[in-house]
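Have a look at this one before I ask anything.
Where a number appears in this text, it was derived from the coordinates with a stated rule and is not lab data. These figures come from a predicted structure and were not determined experimentally. All Cβ positions, even for glycine, are placed from backbone atoms using ideal geometry, and neighbour counts span all protein chains on display.
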Amino acid sequence: MAAIKLHGNMISTATTRVLATLYEKDLEAEFVNVDMKAGEHKKEHFLSKNPFGQVPAFEDGDMTLFESRAITRYICHEYADKGTPLLPPGDSKKKSTISVWMEVEAHQFDPPATLLTWELAIKRLFGLNTDTKVVEENEAKLAKVLDVYETRLAKSKYLGWDCFTLADLHHLPNIEYLMGTRIKEHFDSRPNVSAWVADIRTRPSWLKVLAAHKQ
């Protein structure tokens, strides 16, 4: 079997989203660090893998993909018999429910969470000033999303179904950053959300991602 390669940077939430999926599926992959400070992601050799000049890019033999959520879906379908069944087989209702919450993550949770991650966590790493107006606007948006999650998680241990799936995993990178900021209180103040966060953040795959991040 051809080696899997993940081209990315550990500061990137999209990169760690894919890496966590690889770990959940017990797959070996070569991690190719992309030096974003040096603008490597905008150079021709990387643009041939991701024409938008964003990490990550993913190679599996002659298959090259970009966009982290598309990559995680590919991994789950291509290696369905490996590791955790992150897109478990089942009837159309089960599959559709998981799909709904994957869409919720991408279109409802991710936009405010990503902006808050950038303003409150990543900007600090680069010594940049926080835009308080952006934080205020997106904190309110995220709170509304978490209210919906609180209701959903009162009925189900995980968002998509009664087991851990991509619908949960896709949240992990932004949640990890936000738990190191004052936004943590929005997760902690909702009991069902808090229990869910504690559960998914302690998965062995995610702990492995965090360990790799520190190297």
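Would you please name the trypsin sites (Lys or Arg not before Pro) within segment 120-201 that are DSSP coil residues with at most 16 other C-beta atoms within 10 Å of their C-beta? Intermediate results must be reported in sequence, preceding the final value.
Details: sites: Lys123, Arg124, Lys133, Lys141, Lys144, Arg152, Lys155, Lys157, Arg182, Lys184, Arg201; in loops: Lys155, Lys157, Arg182.
Here the sparse-neighbourhood loop sites are Lys155, Lys157, Arg182.
Next question, about the same structure. If you filter segment 1-101 for trypsin sites (Lys or Arg not before Pro), then keep DSSP loop positions with at most 11 other Cβ within 10 Å, what is left?
Within segment 1-101, the qualifying trypsin sites (Lys or Arg not before Pro) (loop, at most 11 other Cβ atoms within 10 Å) are Lys37.
Only four residue types carry charge here, +1 at the Cβ of Lys and Arg and -1 at the Cβ of Asp and Glu. Report the dipole size of segment 4-83 about the Cα centre in Debye, rounded to the nearest 20. Each step should come with its number before you reach the end.
On the way: 10 positive and 13 negative charges, 76 e Å.
With only Lys, Arg, Asp and Glu charged at Cβ, the dipole is about 360 debye.
Further question on the same structure: Residues with amide H under 5 Å of Val32's amide H, sequence separation 5 or more or different chain, H placed in the peptide plane at 1.01 Å from N; which?
Residues meeting the criterion, in which the H sits 1.01 Å from N, are Leu6, His7, Gly8.
Per residue of segment 39-50, in order, report the coupling 6.51 cos²θ - 1.76 cosθ + 1.60 (Karplus, θ = phi - 60°) as ³J(HN,Hα) in whole Hz, putting x for Gly and Pro.
Ordered by residue, 3J(HN,Hα) equals x, 4, 6, 9, 8, 4, 5, 7, 4, 5, 9, 9 Hz.
Given labels modelled 7 Å from the Cα in the Cβ direction, how far is it in nm from Asp81 to Ala143?
According to this spin-label approximation, the distance is 5.1 nm.
Residue by residue, what Karplus-based ³J(HN,Hα) values in Hz, rounded to whole numbers, does segment 57-70 have, using 6.51, -1.76 and 1.60 with θ = phi - 60° and x for Gly and Pro?
Residue by residue, segment 57-70 yields 10, 9, 10, 9, x, 8, 9, 10, 10, 9, 6, 4, 5, 5 Hz.
Can I ask one more? Which of Ala14, Ala57, Ala198 moves the most in a Gaussian network model of the chain with Cα springs under 10 Å?
Comparing Ala14, Ala57, Ala198 in a Gaussian network model of the chain, the most mobile one is Ala198.
Using 0.36 nm per residue of separation minus the Cα-Cα distance, give me the extension gain between Phe52 and Asp199 in nm, one decimal.
Numbers: separation 147, 0.36 × 147 = 52.92 nm, distance 3.42 nm.
Length gained between Phe52 and Asp199: 49.5 nm.
For the chain, what does -39500 (n - 2.57) per DSSP helix run (n ≥ 4), summed and divided by total residues, give at 222 nm, in deg cm²/dmol to the nearest 500?
-14500 deg cm²/dmol
On to the next question. Just to confirm my numbers, what's the Cα centroid distance between segment 87-145 and segment 32-73 in Å?
What the calculation gives is 22 Å, centre to centre.
If amide H atoms are built 1.01 Å from N in the plane of the peptide, which residues on other chains or at least 5 residues away come under 5 Å of the amide H of Lys25?
Thr84
Enumerate by residue number the chymotrypsin sites (Phe, Trp or Tyr not before Pro) in segment 79-185 meeting two conditions: DSSP loop (anything except H, G, I, E, B), and at most 11 other Cβ atoms within 10 Å of the site's Cβ.
Working: sites: Tyr79, Trp101, Phe109, Trp118, Phe126, Tyr149, Tyr158, Trp161, Phe164, Tyr177; in loops: Tyr79, Phe126, Tyr158, Trp161, Phe164.
Here the chymotrypsin sites (Phe, Trp or Tyr not before Pro) that fit, given the DSSP loop and packing criteria, are Phe126.
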